[in-house]
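*Asks:* I am attaching a structure below and will ask some questions about it afterwards.
Nothing in this text is a laboratory measurement; each read-out follows from the coordinates by a stated rule. What you see is a predicted model; the values in this text were computed from it and never measured.
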Amino acid sequence: MHLLIEETALKMDDNRRHRRYAVEGVYGNVLYTSDIEVLNISVDGAAIETKRRLELNREYNFRIRHKEDFLNLRGRIVWAMLLSRVKEGSDAIVPVYRAGVKFTDTLSEKADALLSFIEENNIRRVDSRLGGIRFAIAHSGNVKVDLPRRYEVKKLSLSGMLVETGYPMDLDARHEIELFIAGNTIIIIGRVAFCKKLEGAGIVSYDTGIEFVTMSENDRGLLTGFLDTVEQE
């Protein structure tokens, strides 16, 4: 009965053409855009604060809104620390994570766009270092980061997957998704086709069907090779 509901909810022609395989030990991350506070920034990097922990040495995608466009930058966390802060309007202590980011792809037009953003939004010079001058900026809300939330794959095909998460996902929402297979990270734009709440042993989780919307040819080849090995088992 559950399989019938799942197949009906997906309503994807590709799923009728591609066999779905039950898999174990396959995981990935759904990337959710989150606000951050930028303490200072330069073309080479930034110091930021977030409400969620960022992993040391991991690369994240940062989105900077400049005029009517978005600048996407990759940045690696080079240092991180946990701070405590009194929540505004109460005596509650809340965790705050501060981190240093080194931009890893600020070349050519990206560097020019980032420099333009800094020049138009900086309010004061705060530091000078080997990599360049750091500035505090106005409108820190124009800078966001994609934070990962983990999922486990139950069934997988070339056109979609059934995953289990500890959090609900909005129907028809589109997300950038990381899928880890055979030592590789596949990047997918996926659409949430259905989300069903599961309850058991006091733990709430969700079965979620995700349709693959876009994927590079190289990543599709990696996924095809992985599914070929699953079929042979």
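*Asks:* Can you give me the relative contact order of the stretch 119-216 as a percent, contacts being Cα pairs under 8 Å and 6 or more apart? Spell out each step's value before the answer.
*Replies:* On the way: 168 pairs, mean separation 21.0, N = 98.
Once normalised by length, the contact order is 21 percent.
*Asks:* Ok, one more. List the relative contact order of the stretch 40-144 as a percent without decimals, with contacts defined as Cα pairs under 8 Å and 6+ residues apart.
*Replies:* Values: 204 pairs, mean separation 34.4, N = 105.
Dividing the mean separation by the residue count of the stretch 40-144 yields 33 percent.
*Asks:* Using helices alone, I'd like the mean residue ellipticity at 222 nm for the chain: each DSSP H run of four-plus residues gives -39500 (n - 2.57), total over residue count, nearest 500. Walk me through the intermediate numbers first.
*Replies:* Values: 4 runs with 44 residues, N = 233.
So the calculated ellipticity at 222 nm is -5500 deg cm²/dmol.
*Asks:* When only C-alpha pairs under 8 Å and at least 6 residues apart count, what is the relative contact order of the chain, in percent?
*Replies:* Values: 498 pairs, mean separation 55.0, N = 233.
Across the chain, relative contact order equals 24 percent.
*Asks:* While we're looking at this one, here's another question. Decide, for the chain, between rounded, prolate and oblate: order the square roots of the alpha carbon gyration tensor eigenvalues as a ≥ b ≥ c, take rounded if a/c falls under 1.5, and otherwise choose prolate if a/b is larger than b/c, else oblate. Kindly include the intermediate steps, with their values, before the conclusion.
*Replies:* On the way: a/c = 2.44, a/b = 1.75, b/c = 1.39.
Prolate.
*Asks:* Could you sort out which of K51/K102; K144/K197; K67/K110; K155/K197; K51/K196 sit more than 24 Å apart by Cα distance in this structure? Don't skip to the answer; put the middle values down first.
*Replies:* Working: K51/K102 19 Å; K144/K197 29 Å; K67/K110 15 Å; K155/K197 17 Å; K51/K196 28 Å.
Over 24 Å Cα-Cα: K144/K197; K51/K196.
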